[in-house]
Each structure stands twice: as C-alpha cells, then as structure tokens.
Amino acid sequence: MLIFKYDRAATVDVTTERECLDALREAADLLGESPTKAQYERLDVTPSSSTIVRHLGGWNAAKERAGLETANSRGSRLDPKPDDVEIPEDVEWSNLSADQRWHYRHVETNRERTLTRRAANRAWLYEYKHFNCECERCGEETPACLDFHHPDHVEKEMEVGKMVTYGYSRERLLDEIEKCVVLCANCHRKEHYPIPDGVEIPEEQIRETDLCQ
C-alpha cells in the first residue's frame, strides 16, 4: 500500500465565507453570546479567527454578516418573540441576550449545520485512513477495519471516532491521531483482550503468532 503524508495546510485555501459565518454562529451557540475574538480562539472551532478576519474584512464585520451582536450594536431595542419560535417555559424572551434569541430562532439551522459538519468529518477521516493508514501488525488496509489505538504511555483526549461525533476540529483530530498506533479491529481487540488466568502459553508467543490473516 502506498502511504501518503497528510498535509495539514491542504484545506486552508479552500475555506469559504459560508464556513466562516457558520463557525461564528457555532461559537455563539457554544458560548450563549456573541463571541469576542479572544473567546473564539479559546474554542475548538475552525476556521481560525485570522482566517475569518481575512475573508470577511474584520471581526465585527464578520459578526454582522453572521447576524450576531457586535460591540457597537448593543442597545435596548427588543423585537417581540416570533409566534413560531419555541423557548423553555421558565425562560423570558426579554431576559435573553441577542445571541440567545438568535439561537432559538435558528434551532433547526443549527442542528443541520452540526449534522453536516459531523458527516464531512467522517468522510474526511475515511479518506485519511484510505491514503495514510494500514494495520501496523497485519497490514490490513481497508479503512472500515482500521482503528486508532492509544498506547498506554500517551495522554488520551478521547477515542478518535468519538471526537468526530462530538464535532472536534480536524486539527484536533490530527493531534490525537499522531498519538496513536493504527491497528485493524481484530488486532486492536487482541491488544485489549486479557489472557485468562490458567493459560500456559507464554504471552509473548501469543502476541507474536496470533495475527490476523
């Protein structure tokens, strides 16, 4: 199998304005308010703040395009709650921030954006496995069979598959992948399977001979 070195910078130049706006709205959802540049940079959200500024001409300009509150737009005017917007019974519309009100007005859009990002990252991870990975023990190459195993000595953030589900950025996924050893599902299972008490075969011999075929 030909293994390609993955280029982290390969996707930087294809970031779109829509992705920048979606990222700002996602940050607002996470924070419950319009993000300052510093708040955004502390979140695990991509693209970077500098990319957003470059594409949209400034931080406040980007937030205005995203429909979010800016430092210069805060005021006392409050539109009434639209009839088709649902909020919890114990929440008063007038007590919500502008960005919280935006969230409730766009619940379905936010949900669809999250699902779209998750699907895109799953496709990206499959392609990453296809071009870069094979089992280090038996040579299995099929992406669907490959796992990322964390050796005992590394600090584990989370299983890579779960990180995709929870919406981690690709940069964070790559950081976690670099800690791992690629194993197929069978070899991974054997790595974690405890040899029962009473087995007389030396463990080293089992590890060396019981490989996937």
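Got a sec? Which of LYS129, LYS162 is touching a strand residue (DSSP E or B) at 6+ places or on another chain (Cβ under 9 Å) and not in a loop (DSSP other than H, G, I, E, B)?
Values: LYS162 fails: touching a strand residue (DSSP E or B) at 6+ places or on another chain (Cβ under 9 Å).
Just a single option satisfies the conditions, and that option is LYS129.
Residues in region 33-73 that are outside any loop (DSSP other than H, G, I, E, B) and either over 22 Å from the mean Cα position of the chain (by Cα) or touching a residue at least 24 places away in the same chain (Cβ under 8 Å) (or both): THR51, ILE52, ARG54, HIS55, LEU56, TRP59, ASN60, ALA61, ALA62, LYS63, GLU64, ARG65. Within region 87-109, restricting attention to residues that are in contact (Cβ under 8 Å) with a residue 24 or more places away in the chain and in a loop (DSSP other than H, G, I, E, B), the residue that is farthest from PRO143 (Cα to Cα) is SER97. The lone criterion from (1) assigned to a loop (DSSP other than H, G, I, E, B); (2) at pLDDT 80 or above left unmet by ARG77 is number (2).
The residues on offer are GLU140, GLU112, GLU134, GLU157, and the sole one that is part of a helix (DSSP H, G or I) and among the acidic types (Asp, Glu) is GLU112.
Per-residue answers, yes or no, for (1) under 23 Å from THR109 (Cβ atoms); (2) buried (at least 18 other Cβ atoms within 10 Å of the Cβ); (3) modelled with pLDDT of 75 or more; (4) aromatic (Phe, Trp, Tyr):
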| residue | (1), (2), (3), (4) |
| --- | --- |
| LEU2 | no, no, no, no |
| ARG8 | no, no, no, no |
| THR11 | no, no, no, no |
| LEU21 | yes, yes, yes, no |
| ARG25 | yes, yes, yes, no |
| LEU31 | yes, no, yes, no |
| TYR40 | yes, yes, yes, yes |
| LEU56 | yes, yes, yes, no |
| ALA71 | no, no, no, no |
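The values are calculated or read from the model by the stated rules, or taken from the named source; none is laboratory data. Only a predicted model underlies this, so the values are computations on that prediction, with no experimental measurement involved. In this analysis, Cβ positions are derived from the backbone assuming ideal geometry, glycine residues included, and neighbour counts consider all displayed protein chains.
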